[in-house]
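The values are calculated or read from the model by the stated rules, or taken from the named source; none is laboratory data. All values derive from a computational prediction rather than experimental measurement. Here Cβ is always computed from backbone atoms with ideal geometry, including for glycine, and neighbour counts include all displayed protein chains.
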Amino acid sequence: MLVAIIPGDGIGGEVIAQARRVLDHYKKRGLPLETWDLDLGADRYLRDGTTYPPEVADRIRGEARAVLLGALGDPRVPGLEHARDILFGMRFGLDLYANVRPVKALHDRLVPLKDRSARDVDLVVFRENTEGIYVGMGGQFKRGTPDEVAINEDVNTRKGVERLIRAGFEHARTHGRKTVHMADKSNAMKHAHELWHRCFFEVAREYPGIAAKHVYVDALCLYLVQDPSPFEVVVTCNLFGDIVTDLGAALQGGLGMAASANVHATDPSRVALFEPVHGSAPPLAGKDVANPIASVLTVGMMLAHLGWPEEEQRLERICTRAIDLRMCTRDVGGELGTRAVGDWIMSEVEAGR
């Protein structure tokens, strides 16, 4: 199974290096994994203008089973041309319509809410990944004048909405979850989000053992910081998913703990994209302070997707022990640097714990 690796920019390369060590361990242990290192990112773009070459896209589509991607973004490329081409080239080009974001706290001290513990923070957000307002349809008229008009179109199709909602219900059924919430603004967006509302309850009828609950997205944000425990699976659109998952990351200890997968949930044999979701954080690059745990948890999601769910569970247990024993970076209560956290995790992985 071919896994393409793009380290990314800023701290991306530092945390992906630790994730790569985990992958290399599994290769040595005999899992049928082959890694393919790609020289893509801001440095390459500044060197020769390359962003996401067609030949790379073709090989990923035709041969790879997964891509491990580090954070993209560099102040030397203010327009983010390389990041947009790489990330959207895979999300849209490979039709990876489901962005799957686990929101799970690994320790009580990581939960910033009064009178709440880690057991209260355990949900998964399914964010629609290929439609919505991020498709870039729109334009500007009379730019730079007092009469300027700027328009972004919010694109929602029955196919796109239904398959994302169904992916959430399928996840709930497979993982023993009893409730799926759908977040929208159908009270204000009466065309686009009426489609979400109607489609949600139509699909829900196919899953009689799972409670289907609707919540407006602004109310969802309020409820999550009051008490996240009633939420198990949340399905929502591209823009709202972007916002809600960052809020969710705060509940689980910060973006350094947040893993993600971008998948074509209808056909899991297709190539999937896995990325820790923190940014490239240029001011922190090269200082050995970035938290690599999200990248390790992301490798766990990849291994589960490729057919080894028990290894995802093992890596999560190891990361939980790292937090519990404070063998972690300062953002989650430890004193170690990026490489030292990677060393400790690898010692646990290699010991078979």
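Restricting attention to segment 169-180, which residues are in contact with a strand residue (DSSP E or B) (Cβ under 7 Å, 6 or more places away or on another chain) and surrounded by fewer than 16 Cβ atoms within 10 Å (Cβ to Cβ)?
Lys178, Thr179
Determine whether Glu14 is under 26 Å from Ile293 (Cβ atoms) and out of contact with any strand residue (DSSP E or B) (no Cβ under 9 Å at 6 or more places or on another chain).
It is true that Glu14 is under 26 Å from Ile293 (Cβ atoms) and out of contact with any strand residue (DSSP E or B) (no Cβ under 9 Å at 6 or more places or on another chain).
Being touching a His at 6+ places or on another chain (Cβ under 9 Å) and charged (D, E, K, R) is the requirement here; does Lys178 meet it?
no
Among the candidates Ala66, Ala98, Ala105, single out the residue that is small (Gly, Ala, Ser) and within 22 Å of Val332 (Cβ to Cβ).
Every option except Ala105 fails the conditions.
Going through Gly79, Gly62, Gly73 one at a time, which residue ends up being within 19 Å of Pro282 (Cα to Cα), without any contact (Cβ under 8 Å) to a residue 40 or more places away in the chain and assigned by TED's automatic domain parsing to the domain that holds Gly41?
On inspection, the qualifying residue turns out to be Gly79.
Please return the ranges of helices (runs of 4 or more DSSP H) entirely within segment 280-353 where 3 or more residues are free of Cβ contacts under 8 Å to residues at least 40 places away in the same chain.
Counting at least 3 such residues, we get 309-324, 338-350.
Which residues, taken from segment 311-322, are crowded, with 16+ Cβ neighbours inside 10 Å and under 21 Å from the mean Cα position of the chain (by Cα)?
Once the filter is applied, which keeps residues that are crowded, with 16+ Cβ neighbours inside 10 Å and under 21 Å from the mean Cα position of the chain (by Cα), segment 311-322 yields Glu311, Glu312, Arg314, Leu315, Glu316, Ile318, Cys319, Thr320.
Filter segment 71-128 down to residues that are within 15 Å of the chain's Cα centre (by Cα) and in a helix (DSSP H, G or I) and give me whichever is surrounded by the most Cβ atoms within 10 Å (Cβ to Cβ).
Filtering first and then ranking leaves Met90.
Taking Gly10 as meeting all but one of (1) assigned to a helix (DSSP H, G or I); (2) touching a residue at least 60 places away in the same chain (Cβ under 8 Å); (3) not charged (D, E, K, R), write down the number of the exception.
(1)
Quickly run through segment 133-156 and pick out the residues that are of a type in the set (Ser, Thr, Tyr) and either assigned to a helix (DSSP H, G or I) or crowded, with 19+ Cβ neighbours inside 10 Å (or both).
Listed by number, the list holds a single entry, Tyr134.
State whether the residues of segment 157-168 include one that is among the acidic types (Asp, Glu), assigned to a strand (DSSP E or B), at pLDDT 95 or above and surrounded by 16 or more Cβ atoms within 10 Å (Cβ to Cβ).
No, there is no match, as no residue in segment 157-168 is among the acidic types (Asp, Glu), assigned to a strand (DSSP E or B), at pLDDT 95 or above and surrounded by 16 or more Cβ atoms within 10 Å (Cβ to Cβ).
Looking at (1) touching a Cys at 6+ places or on another chain (Cβ under 7 Å); (2) at pLDDT below 95, can you tell me which one Glu128 breaks?
Going through the list (1) touching a Cys at 6+ places or on another chain (Cβ under 7 Å); (2) at pLDDT below 95, Glu128 breaks only (2).
Table: residues versus (1) in contact (Cβ under 8 Å) with a residue 60 or more places away in the chain; (2) of a type outside the set (Gly, Ala, Ser); (3) farther than 27 Å from Leu106 by Cα.
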| site | (1), (2), (3) |
| --- | --- |
| Asn187 | no, yes, yes |
| Gly209 | no, no, yes |
| Val225 | yes, yes, no |
| Val233 | yes, yes, no |
| Thr236 | yes, yes, no |
| Thr245 | yes, yes, no |
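If Gly209 meets every condition in (1) modelled with pLDDT of 95 or more; (2) surrounded by fewer than 21 Cβ atoms within 10 Å (Cβ to Cβ); (3) closer than 29 Å to Gln313 by Cα apart from one, which number is that one?
(1)
Quick one: which of Glu170, Glu162 is in contact (Cβ under 8 Å) with a residue 40 or more places away in the chain, under 15 Å from Thr236 (Cβ atoms) and acidic (Asp, Glu)?
Among Glu170, Glu162, only Glu162 is in contact (Cβ under 8 Å) with a residue 40 or more places away in the chain, under 15 Å from Thr236 (Cβ atoms) and acidic (Asp, Glu).
If Phe88 satisfies every condition in (1) out of contact with any Gly (no Cβ under 7 Å at 6 or more places or on another chain); (2) in the same structural domain as Ile210 (by TED's automatic domain parsing); (3) more than 23 Å from Leu220 (Cα to Cα) but one, which is the exception?
Every condition holds for Phe88 apart from (2).
So for segment 238-259 (the condition being of a type in the set (Asp, Glu), over 21 Å from Leu87 (Cβ atoms) and out of contact with any strand residue (DSSP E or B) (no Cβ under 8 Å at 6 or more places or on another chain)), does at least one residue qualify?
There is no residue in segment 238-259 that is of a type in the set (Asp, Glu), over 21 Å from Leu87 (Cβ atoms) and out of contact with any strand residue (DSSP E or B) (no Cβ under 8 Å at 6 or more places or on another chain).
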